[in-house]
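What follows is a short report on a single structure.
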Amino acid sequence: MITASPLPAQQPRTWQRLWREAIVDPRELLELLDLGHLAGTLLPARDSGFSLRVPRGFAARMRRGDAHDPLLLQVLPQAAESLEVAGFARDAVGDMAARVADGVLHKYAGRALLIATGSCAVNCRYCFRRHFPYAEETAAANRWREAIGYIRADASIEEVILSGGDPLSLATAKLVELTDALAAIPHIRRLRIHTRLPIVLPERVDGELLAWLRRLPWPAAIVLHANHANEIDASVADACARLRAAGSSLLNQSVLLRRINDNVQTLADLSARLFSTGVLPYYLHQLDRVAGTAHFAVDDKRAGQLIAQLRGRLSGYLVPRLVREIAGEPAKTPL
Ligand SMILES: *Cc1c(COP(=O)(O)O)cnc(C)c1O
Ligand code: SF4
């Protein structure tokens, strides 16, 4: 008798499995999009300590045959990244100086940001994470004790921000462990979660995650990260609806990116799509000036014009706050 071993295709498509199946070869991504002829414009693999990573479901939202697709340009390692440009440095936002304990950044009053993990489901080319030594800064590797001790000792901290990396890349059991420890601290009033996972891998919003959210002892704000309306398809809208049904408030932060979302129609479409998904626009960030990202930069004058044009067209609550992070400032700086 032959006992059939289960075929990989019959395993449930859990988010962990979809994570492992992400595209990591830039040539494969180009081939999938009928853009194989662009292989010569890629960043040589040896120049990148920050490889391509994109979940297949996110890649499926890219337009085939379009070299300027706004989702593709966010993830494709391009030769332009190796240009050295004055003013674009490795630790552009002063994170190293703000580190107060293992995995905790305490820059702003009342809020402590916990680097819950260094992992992300997607590697965004414009991200400061490409240089930040998160491998060492991660509070996740059973080193939460120091981080939690710091938060417990400072009664001025009312809000804990789970960030990273992407905190939802942790197993839900780890998140439960973390918030159980935080729940014992009486001065915490709010939890915030900074995550791109419901956008790039909406399958992450599974029953276990929703059960965790429902059981939290504080109101939770989830700050998503989408830069273009095309990122938000039906699967993302569905994930957002479930997050809201679990009691979370949903906000979005975007980064202003040249050739990706630096025009008023694109930004207006993004705000409209977010709102119809139950998400309010929160921040539009001026790019952190980190090495390898200069080709994404939009100058402040143009950024200000875009926001003024948006204000002229949209309801006030659909206009994100244009901000820049300046090292040493007590809050994000409005522009
Ligand atoms: C952005 C950020 C926050 C949150 O700032 P808000 O203006 O409240 O969104 C908190 N801590 C750090 C270190 C940050 O970078
Ligand atoms: S998901 Fe966020 S933290 Fe991760 S690479 Fe993208 S921008 Fe950076």
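Quick note: the coordinates plus some simple rules give every number you see, no bench work behind them. Just so you know, these numbers come straight off a predicted model, no measurement behind them. Ideal geometry is used to build each Cβ from the backbone, glycine not excepted, and the neighbour counts take in all protein chains shown.
List of remarks:
- Each of Lys301, Lys332 was scored by other Cβ atoms within 10 Å of its Cβ. Arranged with the fewest first, they read Lys301, Lys332.
- Counting Lys and Arg as +1 and Asp and Glu as -1 over every other residue whose Cβ lies under 10 Å from the Cβ of Val176, the net charge comes to -1.
- Ranked by how many other Cβ atoms sit within 10 Å of their own Cβ, fewest first, the residues His228, His131 fall in the order His131, His228.
- Computed [θ] at 222 nm, deg cm²/dmol, the chain (DSSP H ≥ 4; -39,500 (n - 2.57); rounded to nearest 500): -8000 deg cm²/dmol
- Extreme residue, positive dipole direction of region 96-334, given options Tyr282, His194, Ile157 (C-beta unit charges): Tyr282
- Of the beta bridges in the chain, as assigned by DSSP with both residues counted there, near 25 percent are antiparallel.
- Burial ordering of Val255, Val104, fewest other beta-carbon atoms within 10 Å first: Val255, Val104
- Shape call, the chain: gyration tensor on alpha carbons, a/c limit 1.5: rounded
- Straight Cα distances below 21 angstrom link Lys107 to the lysines Lys332, with same-chain residues fewer than 8 positions distant left out.
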